[in-house]
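To start, the structure under review is shown below, and the notes come after it.
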Protein chains: 2
Amino acid sequence: MKKRHFATSLGLAVILTGTAFAAGHISEDVTKAMEARQAHMTLYSFNMATLGGMAQDRTPYDAAAATAAANNLAAIANMDQSAYWVEGSDSSVEGSRAKAEIWSNADDYAEKIAALASASTALAAVAGNDLDALKGAFGPVGGSCAACHRAYRVSDN
Amino acid sequence: MKKRHFATSLGLAVILTGTAFAAGHISEDVTKAMEARQAHMTLYSFNMATLGGMAQDRTPYDAAAATAAANNLAAIANMDQSAYWVEGSDSSVEGSRAKAEIWSNADDYAEKIAALASASTALAAVAGNDLDALKGAFGPVGGSCAACHRAYRVSDN
């Protein structure tokens, strides 16, 4: 399959295949990219559940578990995610909740990804100190998740 | 829900809930742990596809893409995976292909996880140099995937 890759200034990769697809039909590459970014989100969610349980006093504070989850979260958030966001994978495709604005507002989208990376790195630095430190640094992480979802994820409703 | 966490010497976490489940019934915690480790594997696969395509001469070598994929792979492989491997999530449960030997041979399992982390860190260090460097370091990564699957994943057949 003939492909051209463009790395934009925004860190988003645009992959154009040499084939035109009928509406609703997506290539295996697009499917794989969607699966990968959804897996990425699942790992955010898994580690956020551990951290959020402690930050919101639903589970006892455990410094080692908090550190592990926060380090994991920071590792994922700092990954290069450019290969996920391929053309033709917005919410017009079944299984995608990605708004088309991800591509049309790519600068802002990249900023929101960077905000999560920054907030989760800051959380990882202090999550093992004590519960107050965890609570203080958890807020900006949750806030950056929410800001991006609000702007770029199609609502459940 | 009452839980007790034991961090074993092998880096595996054993989570016992206070409830006994009927065969086939699994808790939400176990489901979440299985989803997370399968997401983790999806991200291995996604990045390995990029690297393998180049290492096996199916796609042109691209230093930036190779570096991004190898860095991602190393980031994932070096994550703390202890929270994934909860009791009651072996292949007796629907959707799991995890052999019970993961828990009974936990030392060896931990070694196999460490081997992938080590091989993928080594790959990340050289993947952007040139294709020969990528090919040389890719083999041990693929080998460590295969060794662990052979020992600890139920076969498709």
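Evaluate the following for A:Ala36: is it over 19 Å from the mean Cα position of the chain (by Cα) and outside any loop (DSSP other than H, G, I, E, B)? Here the answer is no, as A:Ala36 does not meet what is asked. Taken over region A:119-138, residues that are farther than 16 Å from A:Met54 by Cα and touching a residue at least 24 places away in the same chain (Cβ under 8 Å) amount to 2. Only one entry of B:Ser91, B:Ser155 meets the criterion of being over 18 Å from A:Asn78 (Cβ atoms), free of Cβ contacts under 8 Å to residues at least 40 places away in the same chain, among the polar types (S, T, N, Q) and surrounded by fewer than 16 Cβ atoms within 10 Å (Cβ to Cβ), and that entry is B:Ser155. Note on region A:108-138: residues that are touching an Asp or Glu at 6+ places or on another chain (Cβ under 9 Å) and under 16 Å from A:Ala77 (Cα atoms) amount to 1. Please tell me if B:Thr121 is touching a Gly at 6+ places or on another chain (Cβ under 7 Å) and open to solvent by 40 Å² or more (accessible area, probe 1.4 Å). No, not satisfied.
A single entry from B:Met34, B:Met48 fulfils the requirement of being more than 13 Å from B:Leu116 (Cα to Cα), more than 7 Å from chain A (Cβ to nearest Cβ) and surrounded by 17 or more Cβ atoms within 10 Å (Cβ to Cβ): B:Met34.
For region B:63-97, residues that are of a type in the set (Asp, Glu) and facing another protein chain (nearest Cβ under 7 Å) total 1.
Look at (1) surrounded by 15 or more Cβ atoms within 10 Å (Cβ to Cβ); (2) of a type in the set (Lys, Arg); (3) over 26 Å from A:Asn78 (Cα atoms) and you find that B:Arg58 fails only one, number (1). Taking helices (runs of 4 or more DSSP H) as the structural unit, those lying wholly within region A:58-157 and holding at least 2 residues that are touching a Lys or Arg at 6+ places or on another chain (Cβ under 9 Å) and at pLDDT 95 or above correspond to A:131-152.
Test B:Ala66 against the criterion of being touching a residue at least 24 places away in the same chain (Cβ under 8 Å), hydrophobic (A, V, I, L, M, F, W, C) and open to solvent by less than 20 Å² (accessible area, probe 1.4 Å), and give yes or no. So B:Ala66 fits the description; yes.
The values are calculated or read from the model by the stated rules, or taken from the named source; none is laboratory data. Given the structure is predicted, the values throughout are model-derived calculations rather than measurements. So basically every Cβ, Gly included, is an ideal-geometry build from the backbone, and we count neighbours across all protein chains shown. With ligands, DNA and RNA removed, areas are computed over all heavy atoms of the protein, side chains included. Shrake-Rupley method; radii C 1.70, N 1.55, O 1.52, S 1.80 Å.
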